[in-house]
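Note sheet for the following structure.
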Amino acid sequence: MFGYALMETTLQYPKVVPATEWVKRLNISYNSALLLKRRLQLLASDSLTILREVLYNTLQTEFKGYQLPLHQGNGKSSADSVVLYSASQRANKGRKRRKHSGQTASIYLSDSLGGKQIGTLVHTIAFQNGAVFYDAIQDQTADTLLPLIKATVPKECPIYTDEAYSFLNRIYPNYRAVNHSKKGKYSRFAKDRWSQDGVHNQLAEGRNSVLKTAFRIYRYISPEYAPLYLNEFSFFANLKALGWDILTKPQSSALGFVSEVGRQSLTGYFVN
């Protein structure tokens, strides 16, 4: 039963398979279906650590000593954030949230209603070959985002973001940012505010769109369980990009292992 669920979830990606679907397909109770879903999510969570380190080691080798030309677009990774299940002003009974700002404000109830977090803020790190890592975060400060980026993207790997990640300037020599707020000469915003000198954030933004479309089927996920669902989605996205063979070695040696198929899929997308 678990093997069937694992294969079906792999084949269905980027469509997600909720527990209610296993109830219909396998003719089991909802509690059994939810347990099956949790087993998949735990497998995904454990395997993501291996996938993240395998990808990191590969990128570190490929980009050792690499220097990105100043006016040339060659971004192989991209970072951005997105809100799932935001708390609208209507849900707050008309009360505005003044304690938080930006995207963070949209995931909390107003203080007069207890200030509880009801939405999920997701940080996305995407790569050109299709690999992607989604992490649930509490805020968008450098203290929160930097450890995630440093654990996923090696120092010399080119990375593109929007202007909110200025703290990466002092750490990543091949970091570039696109100014989405760039003003136009005769208009409020410039026409090139989404892409400037080949620098854009479309890798992560595109993966955010895939995530939001897929998660509509869940209707709502509480922040407490969001990491499990995000790990599951990340895991099957990376399997599609990198292949199952990366996980075929014993865990003790997998961290330094990239198979020939996996290496070809990685190298072809990174240094060219």
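Every read-out reported here was derived from the displayed coordinates using simple, explicitly stated rules and does not represent laboratory data. What you see is a predicted model; the values in this text were computed from it and never measured. Backbone-built Cβ (ideal geometry, glycine too); neighbour counts: all protein chains shown.
Within a straight-line Cα-Cα reach of under 16 Å, Lys37 can be paired with the following aspartates and glutamates, leaving aside sequence neighbours fewer than 8 residues apart in one chain: Glu8, Glu21, Asp46, Glu224, Glu232. The listed peptides 114-122, 225-233, ordered by packing as a protection proxy, come out as 225-233, 114-122 (highest mean of other Cβ atoms within 10 Å first).
Filter the cross-link list Lys150/Lys212; Lys76/Lys155; Lys76/Lys150 down to pairs whose alpha-carbon distance in this structure exceeds 20 Å. Display every interim value, and only then the final one.
Values: Lys150/Lys212 25 Å; Lys76/Lys155 13 Å; Lys76/Lys150 15 Å.
The pairs that break the limit, which is 20 Å between Cα atoms, are Lys150/Lys212.
For the peptides 6-16, 42-52, 159-169, the ranking by mean Cβ contacts within 10 Å, running from highest to lowest, is 159-169, 42-52, 6-16.
For Tyr13, what charge total do you get from the other residues with a beta carbon under 12 Å from its beta carbon, if Lys and Arg give +1 and Asp and Glu give -1? Intermediate results must be reported in sequence, preceding the final value.
Values: positive: Lys15, Lys240; negative: Glu8, Glu232.
After counting each charged neighbour, the total is 0.
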